[in-house]
Each structure stands twice: as C-alpha cells, then as structure tokens.
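The values are calculated or read from the model by the stated rules, or taken from the named source; none is laboratory data. Because the structure is predicted, anything quoted here is derived from the model rather than measured. Cβ coordinates were reconstructed from backbone atoms using ideal geometry, including for glycine residues, and neighbour counts include every protein chain displayed. What goes into the accessible areas is simple: the full protein's heavy atoms, side chains included, and nothing from ligands, DNA or RNA. Shrake-Rupley method; radii C 1.70, N 1.55, O 1.52, S 1.80 Å.
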Amino acid sequence: MRGPSLVLLLLILVTSAYSWKKEEFRNCNLTPFCKRARSRTTGSCNLRATDVSISDGNLIAKLVPKEENPESKPLLLTLSVYQDGVMRLKIDEDQNNPKKRFEVPEVIEEDFLNTKLWLTRLEEEQIDGDSSSSSVVYLSDGYEGVLRHDPFEIFAREKGSDKRVLSINSNGLFDFEQLREKKEGDDWEERFRSHTDTRPYGPQSISFDVSFYGADFVYGIPEHATSLALKPTRGPNVEEYTEPYRLFNIDVFEYLHESPFGLYGSIPFMISHGKARGSSGFFWLNAAEMQIDVLGSGWNSNEIMLPSDKHRIDTLWMSEAGVVDTFFFIGPGPKDVVRQYTSVTGRPSMPQLFATAYHQCRWNYRDEEDVYNVDSKFDEHDIPYDVLWLDIEHTDGKKYFTWDRVLFPNPEEMQNKLAAKGRHMVTIVDPHIKRDESYHIHKEASEKGYYVKDATGKDYDGWCWPGSSSYTDLLNPEIRSWWSDKFSLDSYVGSTKYLYIWNDMNEPSVFNGPEVTMPRDALHHGGVEHRELHNSYGYYFQMATSNGLLKRGDGKDRPFVLGRAFFAGSQRYGAIWTGDNTAEWEHLRVSVPMVLTLSISGIVFSGADVGGFFGNPETELLVRWYQVGAYYPFFRGHAHHDTKRREPWLFGERNTQLMREAIHVRYMYLPYFYTLFREANSSGTPIARPLWMEFPGDEKSFSNDEAFMVGNGLLVQGIYTERAKHVSVYLPGEESWYDLRSASAYKGGHTHKYEVSEDSVPSFQRAGTIIPRKDRLRRSSTQMENDPYTLVIALNSSQAAEGELYIDDGKSFEFKQGAFIHRHFTFSNGKLTSSNAAPSTAGRSSIFSSECTVERIVLLGLSPGAKTALIEPGNKKVEIELGPLFIQGNRGSVLTIRKPNVRITDDWSIQIL
C-alpha cells in the first residue's frame, strides 16, 4: 500500500466521520480572491467600452482602462440575444495568453444555441447625462438590452423606458484578474492548513455586482442548508450571516442547518421575485469556486437610490477563475424564468415511473438474506416500495462494479426475484478507484492514462473509502465513453437490466485533500486546472454514468442515476438528494427550502434522506418525516450504518400504520406526480414549488418556506416541532382550499390555526383543480399499471375546475415519438369533460394505449341538490352518493360518482343533473 500509513488513514477516516468543524474549511478571509473582491469599493471599476459594433449577429466591444495600464490588456465583450427573452454576456481575455481560460463545456443545450437572434443594428442613446453614448439592442417584444459605454455597464430594461430588470456593474465593482507568465520573484502560492496551491498562472479571479430591480427577495444558488429567501450577508444591520454564500462542491459530514456554507453541489443561478415587477433570473456559467454576497439595505454608505430603485437588490458575485459567461432572464413570471433557464441548461429528464415511487436504503443491507427479509417484511406489513438500495459494503473490498461473493453470491437471482414483484435495485458506484493492481478498472485506467494528474503530472493519489485511490478524468469525452462502457451487462458482472446506479462522493470527496476534496492545482484533460472545473466534476460523472445506462439498454431504457454533487444541467442526467443530513427536527425543517431551492434551479427530481442519515430519530420525528417526505419529488428512506435499524415496521403497530399511510399517500398520487414530471420535462416547471411560484402577487407567500406546493393543486405544510397540537397554516389566494384529511373547506388569503393530528401533516387541494389518483394499493408502482383512476374535483367559487393526466409506458423513450396519453379535464356549468391534450396522432411514429377506466369521481364543493349524473356517450345515468374521500382509512364523507367506468383514453362528458 502506497501513501500515508494505515494509522494515518484511520485517523483521517475517523476525523471525517465527525460533524462539521469550522476550522477545517475556508471562510472568505482565508480565501484570497474573496477577500480581495470584498475589499473593493463602489465605482472602483475603471473600464470603458470602445470599438462597439455588430459582428456575426452579436454586439462586440473592447473593455479598456480609462487610464493606460501596461499590465492590463483589453478584454473582449460579446453580447448575444436569444429567443424567449434571454441575453448572454461573455467577457474574456484576448487569446494571446499563457493559456486559454476555461469555459465549461457541454452544459449549454445545442437547441438553445440554435435560437440565437441575429442582431443587425445598434441604436445609440444618451443615458443619465453620460458624456458618451450607450448602445441599445432588441431583446424581445417589450424589452431591450443596453451596453453603457462609460461607465461600463450592461442592463436589460423595459423597452422605451428607464425601468430596469437586471444589470451588471451598476455599482462599479467589476474586476477581472488576467493570467500572467510567472517571473522571478513572483510568489503566487496559496496555503491553507497543511496544503499548498502552486497557482502557476497567478491570481485569475473575476468579480462583479448584479442588481435585480423590482425585487423583494432573491432565491436560488444551491446548495445551502438555509432559508429559501436568501438573507443579506453584507450591510450595516447584517448580523446573522456575515459570510457570503459559498458555491464549492464539498463533502460535509453532518452539515449545519441555517448556514451559508457551501455543500455538495453548486448552481450559480439566482432568481428574484417581487410584487412590483415579477421575476427575473441570472446565471453565470462558471465551475470554479464562487462566493456570492447578498447586499443588504445601506451596504454602501454612499449609495443613493432613486425612488424607482427602492425594490432593488444588489448582489456581488466572486469567482476564483473562469470567464464571464452570463445569462439574463427577463421573466416576467417565475415560471417564465425557470423555463428560460432550463432552455439554456436543459430540461429535466423524464424518469421511469418506478423512480418516482418510494425507495428503501441503508448503509448497508448486510447480505442477500437481509435483502430478502426486508423485501418480505414490506409485503407482510402491506407497505409498498419500488427500489431497494445497496451501499458500498456490497462490493468486494470497496471496488466498484464488483460484489462481495460471500455476502452476495447470487446478485442476478436477487435482482430477478425483486423484479418479479415489479421492484428494482440500486447499487452505489463512486468516482474514487481503488489503487489495486488486481482490480481491472484501476489497471485499465492506469495503463490508458485516464486518471486526473497532480501538479507534477503523475496520477493523482488521494484517500477515500478504499484507501489509496485515483479519480478518472471525466472532463475528457473519451474517458467518459470508456466509463460508460463499464455499465454493460457483460462488463458489470452480476448486474441485470433491473439494476440502477447511485453516484455518491462525486464532489469529488478526498479525505486527505484540502477541505476534503481534490487539490486545486491538479490537472485535467487539456491542461485544465481542477480549480477551474471543480464544481462540474460531479456533473460529468453523473453524465457518464447516465450515458452508461443508456448504452446498456441500447438507448431504449430511461436511466435512473442518483447523484450528490451537481452543477447546472445535472437535471438532464438524474436525481439529486441533499446529502448527509441528521435526525433532528431542524434538518426536517430545512429540507423543505433545500428541495425548493434545487427545484427552482432546474433540479426538479430531488429529496432529503427521510429520517435523517446520521443519528437515531425519535419515533415522532421519523413519522413526521415520512409524512412530509411523501411529497418530496424524490422519496427515499436512508440511514448510516451506525444507526439503529429503522424500517417502518420496527416502531410498534400504530407507528407502522402511520408510516404505511404516509407511503400510501405517495402511491395514491403517483399519477399526479408523474404528470408533473412530464410538465417539468417539457417546460422546466418544478414538481415541488414555492408558494409564490403559483401565487406571484401574494406577498405573504414570498418568504414562506415551511409550506410548499406540489404542482398547482396541492399545498403541504410540514410539522417541524415535537408534540405539536396546532400549527399556523397560510393558504394563499382568493379561493378555498380543501383539507385532504376531512374535505373541509378553508378560506384562501388567510392564516389558519390548524389542529394537528398524528395521522398526517396539513395538506390541501386547491379549489379549481382536478387531481388524478390511483386508490388501489399494490406492492409496487409497476403492479398498479392497469388499475382504475379516481378524479378528485375541487370546485372554486365559480363551480369550475380543471386538471391534467399524462400516461406513457413508464420506462422507454417512446413518448418522444408520440406514444403517450395526455388528457385535459374541465368542469364547468355542471359538466365534467375529458378531452385530448396531446397533438394529433397523425404523424406520430408510435402509439400508446390503455384500458384503464375511471372508477370514482369525488366532488368537493359541489352545490347541494345533485342526485344523478348523465354520462355521454352512452346516455347512461349514475347515482351521486356519499362516499369516503380515501378508500384506505375510509376518511371523510364526500359526494361521489361511483363506477362511471369511462375509459381514460376517450373523450367523454358527465353532466350533473
């Protein structure tokens, strides 16, 4: 064994297993580029725009110092405009440099690039009494982009007015440190604890201010365990957060809640929202470490705000390396912004149906006997689940793509037995490769030169779970392709088509590295330093894994890959979870804003470990976590190997019943969730939504992150304290909400003192919506395929409602060729109508059909007096009678049309008589 001694390794592992220690990680003062950027004062930027012209459909210019500086070369500026109100600003050095600055590849969608608008002319305008002119370009109907020459500034505004939407450098904080050749006497090394960063090209950071106009709050920039609405980090009255929000993918054990400290993933995307204007968004395509300040009111004592700017929020963006490659999204609504953002970085992938159901995981299920026992216990206790997970201990000596053949002698048979019940299995595959000459993956990667190199050009050797480990250089497309091939059934011996993958530790986590990650001066394909791409390493790893599952299924099987580290665009390759949380009420509480922040940043398939990864949850906490977690887009129970077993049947009959009912709720709503996943796949609109995304004019919703919407129809309020008797629930909007426990109506636009029960968390259906369910409960989602539907109609004050249902085969890509059913339901004037929301079947290369029927229609808020209904076609009359809101548990008593038996694929109507 090479590298540190075994004793040192054990010390490293033990230390890593303890909770977050502040002194082990950098703060801004210990991060030179952040400290420099924060010390700059308003107006310190001395650049002006010259040589402004149109070239290849772009506005181009040079940024030069107002006063000559032999050390500073002109910067090249390019401004481009794309369809749907997206403006792109790039600023880079001239290419006559020691090396090319890194631009993050394969994040921007090719289809987006094809939507570029070809600029043909510039309008010149004098702004704010400037001595020089400004250049104005068309952005979209109603909006235009402006390059202010001197002082240099870029902004988007409403056309023909001074109403700004977004701007860069309005406060004059722009700074761009250019690469240099090292000269004798230059000392660019940076040291943190025992680690030295060689920094061969000197300081190369970039910083600038971004202003959001008409904003009451800003959100986004995951991942942080904190509130949904970002808190000010600088200003005269800032006391809670004095550190900027950090974006640096890092493995943090037992992370703190309520902290701006960076966690496992990074998306440099921020969305603003306010009653005055609506929403706008800003994205910086940069994978280096980033620090972002939200500047509180009065942050600059010399600041003079115009009356129109009183709802402006200023922010300061600071990055260690890279280029300026930024995108302005003008909204104006929150769903417009996420649509615009995901048009750039990619729409979320469409998961298989099984992946949207419940997952059961533990580090680790010991052996095949343990797996079979857990599987049978779910059946014995009538609890559905779809996926059983195996952590690292299932491998042979922590070598991925292998099995411990003593503990798991028949992995194929094990997977096939689960599949016979419609279930699947997930195994873990991490990026650290054990340096063992007998391990075929290591031997091949080493011989081919496929590992990341250290600063001296040797294979980088770090420490992780297997001990001495190296890391494949997945920036290189050739190496990603090689990695993808390892998931074939021939290569991954013991795998089957029912096996899917979990990518953990992909920050990448390195136990003996600086801040538990890879050194910044490690080298990747093309001489790229790790500092330049760090935040995207996990992105490329999940991409390569996802492509491997695609290859395995000959492009016919939708992959499922769960990742921990992420970057912009990760939504194209799988799901993300919030990492190693703790079994505490505060971690249940913070899981909701964490999932919402991921959701509005494109990562719509996300969730937190139910019950908390570390520690032993008290029973009430575990039950409450299941009740909230049932509404996460990704729903998985998971626990550390040092915790007590916590499968749902281990806590007494009553608690088993409560957890069973929570999981049943998820399965009942799977048709609704799956429809929402398709909406996200089409438009980027998330499944879990902040209240303000559905109620953008309701100010009381802007900072509410204890409740969340599932789609546009369900509102869920978590219970975050033990032995709670009552909870305050704010129900936005003007229409009523129907309690899913009792079917009682609650008035919108009010905060209600809600009596808490142990059997559920407060959850409501919005008046005016129709939600599809499947009320018959099976062992897995696969076995529910042919079951009938229930439609729950919640009528608004106009006695109207509408909703949708999307169905496909749940596993293949045939839906892209038109093999799906998409129904639109409307209720008005006493009539429920089902119509086709899908494009005409003409021209479709594939067709999907279903024999499923509607067996129940629940009517909430229907005016009294209705006794019968007429079904057309068929001229069939059916009775309207009282029935349970839910078949399981027989809760509530509601007007119900039983057994209308209309086919889900057909056009039909049901008239209330």
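Some values worked out for this structure:
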item	result
Verdict on D382 being of a type in the set (D, E) and on the phi < 0 side of the Ramachandran plot	no
Residue list for the stretch 785-829, filter: hydrophobic (A, V, I, L, M, F, W, C), in contact with a strand residue (DSSP E or B) (Cβ under 6 Å, 6 or more places away or on another chain) and assigned to a loop (DSSP other than H, G, I, E, B)	L795, A800
Per-region count, the stretch 574-615, residues in a helix (DSSP H, G or I) and over 17 Å from the mean Cα position of the chain (by Cα)	5
Entirely in the stretch 21-137, the strands (runs of 3 or more DSSP E) that have 3 or more residues that are open to solvent by 50 Å² or more (accessible area, probe 1.4 Å)	47-55, 123-125
Wholly enclosed strands (runs of 3 or more DSSP E) of the stretch 455-547 bearing at least 2 residues among the basic types (K, R) and open to solvent by 10 Å² or more (accessible area, probe 1.4 Å)	none
Which numbered condition K417 fails, given (1) surrounded by 20 or more Cβ atoms within 10 Å (Cβ to Cβ); (2) not in a loop (DSSP other than H, G, I, E, B)	(1)
Meets criteria (more than 14 Å from G265 (Cβ to Cβ) and β-branched (V, I, T)) for T643	yes
Unique match (being among the basic types (K, R) and more than 24 Å from R660 (Cβ to Cβ)) among R423, R366	R366
Restricting the stretch 342-401 to residues that are of a type in the set (S, T, N, Q) and in a helix (DSSP H, G or I), the residue that is surrounded by the fewest Cβ atoms within 10 Å (Cβ to Cβ)	S376
Members of the stretch 639-678 that are out of contact with any strand residue (DSSP E or B) (no Cβ under 8 Å at 6 or more places or on another chain), part of a helix (DSSP H, G or I) and either without any contact (Cβ under 8 Å) to a residue 24 or more places away in the chain or open to solvent by 20 Å² or more (accessible area, probe 1.4 Å) (or both)	W649, L650, E653, R654, N655, Q657, R660
Members of the stretch 422-435 found to be open to solvent by less than 40 Å² (accessible area, probe 1.4 Å) and assigned to a loop (DSSP other than H, G, I, E, B), listed by number	G422, R423, V429, D430, P431
Residue under evaluation V338, criteria (1) closer than 19 Å to G629 by Cβ; (2) in a helix (DSSP H, G or I), criterion not met	(1)
Search result, residues across the stretch 167-190 that are farther than 15 Å from E320 by Cα and surrounded by fewer than 15 Cβ atoms within 10 Å (Cβ to Cβ)	E181, K182, K183, E184, G185, D186, D187
Any hit, the stretch 439-450, residues being in contact (Cβ under 8 Å) with a residue 12 or more places away in the chain, of a type in the set (K, R), touching a helix residue (DSSP H, G or I) at 6+ places or on another chain (Cβ under 9 Å) and over 19 Å from Y667 (Cα atoms)	yes
Where a residue in the stretch 117-136 is free of Cβ contacts under 8 Å to residues at least 12 places away in the same chain and its partner, wherever it lies, is surrounded by 11 or more Cβ atoms within 10 Å (Cβ to Cβ), with Cβ under 7 Å and at least six apart	Q126/S133
Hey, E881 assigned to a strand (DSSP E or B) and loosely packed, with under 13 Cβ neighbours inside 10 Å or not	yes
Residues satisfying the stated conditions in the stretch 441-450, i.e. surrounded by fewer than 22 Cβ atoms within 10 Å (Cβ to Cβ) and over 21 Å from W403 (Cα atoms)	S446, E447, K448, G449
So G281, is it at pLDDT below 95 and closer than 30 Å to N237 by Cα	no
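Here is a yes/no grid of residues against (1) among the charged types (D, E, K, R); (2) modelled with pLDDT of 95 or more; (3) touching a Cys at 6+ places or on another chain (Cβ under 8 Å); (4) under 23 Å from V338 (Cβ atoms):
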| position | (1), (2), (3), (4) |
| --- | --- |
| N616 | no, yes, no, no |
| T619 | no, yes, no, no |
| R646 | yes, yes, no, no |
| M693 | no, yes, no, yes |
